[in-house]
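A.B. asks: Handing you a structure now.
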Amino acid sequence: MTHEKIQTFLITTLSLFLLLTEMLYAQEYQSLQAIQTAITQFIEANIDTSQEYEIQLNKLDSRLKLASCSTPLETYSHNKKIEAGILSIGVSCNGEQKWSLFHSAKLTTYTNVLVLKQALKRNTTISQNNIILVKKPTNRLRRGYFTNYQQIKNQLTTRNLQAGTILQPAHITHPQLIKKGERVTIHAFSSSFSIKMSGKALMSGSLGERIRVKNNKSKKIIEGTITKAGTISVNY
């Protein structure tokens, strides 16, 4: 055998040895990528995937040496509900060589919400031209939000609002349908009767609010619910 053939043989043998060593090493230790995949799949199985979301995992320390699991990895969480935020997910192996660990993950979900295109002054009726839909992380919307114009149609701003403001329930109110001192129609009804009479509003109010009114004929003061402009209903 020539020197060149001997050299080629030695190189080939060494390469095969290194390859086999790497394969044995890979079989000996658990794949860290498989652990992270199991965590991601667990989160996805426990959230509403119809909405847009993002899962971020920190890389596991490459020095972590766990025995290769002979059974499927098991995942779990101590949280009753998987919600947006920082999560702690457990992964365990119940194979021949048991082990377990916890790893953190960040879950972000997104929702399209109504945002003001321009600044509005207090007591301004919000129109469709004033708003746009913008995708926002839901964990930053703890004070409430709106997803379509019908939810705020014909409502007024309660304060001066800047452009870019995410509309919240505290920012809007129904317009006053009845003002104090106005003449109103009192609609009194029950399962057996329905009558209407005139009265005078003793309070101002918006749709759905309860106000006090005086019956013009009997002079009695009663309380009813505003159902439309100039009308309150009293259910007996």
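Read-outs: derived from the displayed coordinates by stated rules, not from any lab. This is a predicted model, so every value here is computed, not measured. Glycine also receives a Cβ, built like all others from the backbone with ideal geometry; neighbour counts cover every protein chain displayed.
A.B. asks: Please report the equivalent ellipsoid semi-axes of region 110-173, computed as sqrt(5 x eigenvalue) of the Cα gyration tensor, largest first, in whole Å.
C.D. replies: Here the semi-axes work out to 18, 11, 11 Å.
A.B. asks: Continuing with the same structure: I'd like the per residue volume of the convex hull spanned by the Cα atoms of region 171-235, given in cubic angstrom.
C.D. replies: 74 Å³
A.B. asks: Continuing with the same structure: Which order do I172, I39 fall in if you start with the one that has the fewest other Cβ atoms within 10 Å?
C.D. replies: Going from sparsest to densest Cβ surroundings: I172, I39.
A.B. asks: Under 29 Å Cα to Cα from K98, which lysines show up? Leave out anything in the same chain fewer than 8 places away.
C.D. replies: Those lysines meeting the cut-off are K59, K65, K80, K81, K106.
A.B. asks: With a point put 7 Å past each Cα toward its Cβ, work out how far K153 is from K117 in nm, to one decimal.
C.D. replies: 1.9 nm
A.B. asks: Tabulate in residue order the Karplus-calculated ³J(HN,Hα) for region 176-186, using 6.51 cos²θ - 1.76 cosθ + 1.60 with θ = phi - 60°, rounded to whole Hz; enter x for Gly and Pro.
C.D. replies: Each residue's phi maps through the Karplus curve to give 5, 9, 9, 10, 4, x, 6, 7, 10, 9, 9 Hz.
A.B. asks: Please order H103, H78 by the number of other Cβ within 10 Å, starting at the fewest.
C.D. replies: In increasing order of surrounding Cβ atoms, one gets H78, H103.
A.B. asks: How long is the gain from S92 to T227 if the chain were fully straight, where each residue apart is worth 0.36 nm and the alpha carbon distance is subtracted?
C.D. replies: 42.7 nm
A.B. asks: Using a basic spin-label model with each label point 7 Å from the Cα along Cα→Cβ, how many nm lie between I55 and Y236?
C.D. replies: 6.2 nm
A.B. asks: How much FRET efficiency would the formula 1/(1 + (r/R0)^6) give for T185 and Q128, where r is the Cβ-Cβ distance and R0 is 45 Å, rounded to 0.05? Don't skip to the end; give the middle numbers.
C.D. replies: Values: r = 32 Å, r/R0 = 0.71.
With a Förster radius of 45 Å, E is 0.90.
A.B. asks: If you don't mind, another one. Computed from the coordinates I sent, Rg/Rh (Cα atoms, Kirkwood Rh) equals one of [x] 1.05; [y] 0.93; [z] 1.37. Tell me the label.
C.D. replies: The value computed from this structure is option [z].
A.B. asks: OK, next. Which whole-number percentage describes the relative contact order of the chain, with Cα contacts under 8 Å and a sequence gap of 6 or more?
C.D. replies: 11 percent
A.B. asks: OK, next. What ranking do K214, K219 get, fewest neighbouring Cβ atoms within 10 angstrom at the top?
C.D. replies: By the 10 Å Cβ count, ascending: K219, K214.
A.B. asks: Of the cross-linked pairs K153/K196; K153/K200; K179/K219; K117/K153; K121/K180, which ones have a Cα-Cα span greater than 21 Å in the structure shown?
C.D. replies: K153/K196; K153/K200; K121/K180
A.B. asks: Another one. For the chain, what is the mean residue ellipticity at 222 nm derived from helices alone (per DSSP H run of n ≥ 4: -39500 (n - 2.57); sum divided by total residues; nearest 500 deg cm²/dmol)?
C.D. replies: Result for the chain, helices only: -6000 deg cm²/dmol.
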